[in-house]
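One structure is given here, and the rest of the page talks about it.
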Amino acid sequence: MDILSFIQKNNLQNVYIIANSMTAASAVYIQSKEKKRVLGMVLSGPFVRDKEPMSWGLKSMLQIAFRGPWGPSAWAKFYESLFPIQPPKDIEERKEKLKENLKEEGRMVALRSMLFAPKEECENELAHAKGNHIIIIGLKDPDFTNPEEETNWIRDTIGGKVYLYENGGHYPFVEEPNRFYSDIKSLWQKK
């Protein structure tokens, strides 16, 4: 709602949203509400729906893992796992910064809220978010059982082009920034 409000209050036109992971749900919601202003989206490693309900056991395990003094370290370790093939050269520095940030008051609460946030509201808007989109996913993304299938489902639902990164994990724009830029620039360039 903050981004939607920002677009409206500033009377922004010709907006393109680039979103990764869970922010893809927000991007879809925003585009569905502002079709005239938001001309397109790039959805990278996108979560836009709740596929399977999280089991009680998994939910409990995540609550424990990302709570307490070990929470920031557990999240940093998980973050590292999202780069299974091509971790950034500065992964250790990134993890340290992430741990420090997550030690600040309220950060782990916000992280847990994000992890357990339902996507139902976004999923209900998918039918209203058709348009000029690019969907990018790493085929080694550990967050998806079948990354290609999920990406194709999103494309079939909202339209757009799909780019599959054979050795990419959850952050294609970090793992292959030049390719990512090349793939997305067609979205706003005039032909």
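The values are calculated or read from the model by the stated rules, or taken from the named source; none is laboratory data. All values reported here derive from a predicted model rather than from experimental measurement. Methodologically, a virtual Cβ is constructed for each residue, glycine included, from the backbone with ideal geometry; neighbour enumeration extends over all protein chains shown. Keep in mind that these areas ignore ligands, DNA and RNA; they rest on the heavy atoms of the full protein, side chains included. Shrake-Rupley method; radii C 1.70, N 1.55, O 1.52, S 1.80 Å.
Taking the stated definitions as given, is Val48 part of a helix (DSSP H, G or I) and touching a Cys at 6+ places or on another chain (Cβ under 7 Å)? Against the criterion (part of a helix (DSSP H, G or I) and touching a Cys at 6+ places or on another chain (Cβ under 7 Å)), Val48 does not qualify. State whether the residues of the stretch 107-121 include one that is over 30 Å from Trp70 (Cα atoms), of a type outside the set (Ser, Thr, Tyr) and assigned to a strand (DSSP E or B). No, the stretch 107-121 contains no residue that is over 30 Å from Trp70 (Cα atoms), of a type outside the set (Ser, Thr, Tyr) and assigned to a strand (DSSP E or B). So Ile184 fits all but one of (1) within 16 Å of the chain's Cα centre (by Cα); (2) of a type in the set (Val, Ile, Thr); (3) not in a helix (DSSP H, G or I); what number is the exception? Status for Ile184: all satisfied but (3). Only a single criterion out of (1) surrounded by 12 or more Cβ atoms within 10 Å (Cβ to Cβ); (2) without any contact (Cβ under 8 Å) to a residue 40 or more places away in the chain; (3) of a type in the set (A, V, I, L, M) is not satisfied by Leu43, namely (2). Val38 meets all of the listed conditions (1) under 17 Å from the mean Cα position of the chain (by Cα); (2) surrounded by 21 or more Cβ atoms within 10 Å (Cβ to Cβ) but one, namely (1).
Could you list, in sequence order, the residues of the stretch 75-90 that are open to solvent by 60 Å² or more (accessible area, probe 1.4 Å), closer than 12 Å to His170 by Cα and not in a loop (DSSP other than H, G, I, E, B)? Of everything in the stretch 75-90, just one residue is open to solvent by 60 Å² or more (accessible area, probe 1.4 Å), closer than 12 Å to His170 by Cα and not in a loop (DSSP other than H, G, I, E, B), namely Phe78.
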